[in-house]
Amino acid sequence: MALVYVALGSNLAHPRRQLARAARALARLPGTALVALSPNYASAPVGTTGAQPDYVNAVAALATVLPPRALLAHLHAIERRQRRRRHPSAPRNAARTLDLDLLLYGGRRIATAPLTVPHPRMHQRAFVLRPLLDIAPHARIPGHGLARRHEPTVRDQRIARTRTHRLH
């Protein structure tokens, strides 16, 4: 059984509802239990070229027996069910109905196509660090140390706690 953390993000088609629906889907994954879910945060888009609506973000902690690649396949299936479309010609960080990123898988480091764990930019993103620290204040990012040590470096990124949709 591995303790893993998954980032949830959406800025299209009722983002809070998208996150609640995704959290319910995560809880139903085979061999997996939803251990914790952070509050939702509204954040400005990062790394985009055009105007976009703000994102709603959260982080889920899961206990799972699924191996990393199988878990990633399930995350992509949830995204597809919620109408996430990955187009090769779409700009990076384009608006989306749902984005599920595998942030941490236990204390493992994984570098295989298409999976990199820990997520390579998680320590540079307030929309990941803030909700992660809400549910795992002592989380460690392999290769980067304690997650909370990186929070001061992202203070200039706009982020605010927002309403959370009920899971039931």
Quick one: net charge around R69, please, counting Lys, Arg +1 and Asp, Glu -1 for every other residue with C-beta under 15 Å from its C-beta. +1
If you roll a 1.4 angstrom probe over the protein chains with everything in place, what fraction of the accessible area of region 15-67 belongs to carbon and sulfur, to the nearest %? 57
Express in nm, to one decimal, how much length is gained between T49 and M1 on full extension, taking 0.36 nm for each residue of separation and deducting their alpha carbon distance. 13.3 nm
Gyration tensor (alpha-carbon) shape descriptor, region 51-135, a/c threshold 1.5: oblate
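Filter the chain for me: DSSP H helices, axial length by Cα at least 15 angstrom, mean Kyte-Doolittle hydropathy not below 0.5. List them by residue number.
None clear 15 Å together with a mean of 0.5.
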Can you work out D for the chain in µm² s⁻¹ from Stokes-Einstein, where Rh is the Kirkwood radius over C-alpha pairs, the temperature is 20 °C and the viscosity is 1.002 mPa s? 134
Starting from the Cα of H76, step 7 Å along the direction of its Cβ; do the same at R108; then give the gap between the two resulting points in nm. 1.7
Rounded, prolate or oblate: which fits region 94-144 when a ≥ b ≥ c are the square roots of the eigenvalues of the alpha-carbon gyration tensor, with rounded for a/c under 1.5 and prolate only if a/b beats b/c? oblate
Probe 1.4 Å, accessible area per residue of the chain, Å²: 52
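The values are calculated or read from the model by the stated rules, or taken from the named source; none is laboratory data. The model shown is predicted, which means the values in this text are computed figures rather than measured ones. Every residue, glycine among them, receives a Cβ derived from its backbone with ideal geometry; neighbour counts consider all protein chains shown. Side chains included, ligands, DNA and RNA excluded: accessible areas come from the protein's heavy atoms. Shrake-Rupley method; radii C 1.70, N 1.55, O 1.52, S 1.80 Å.
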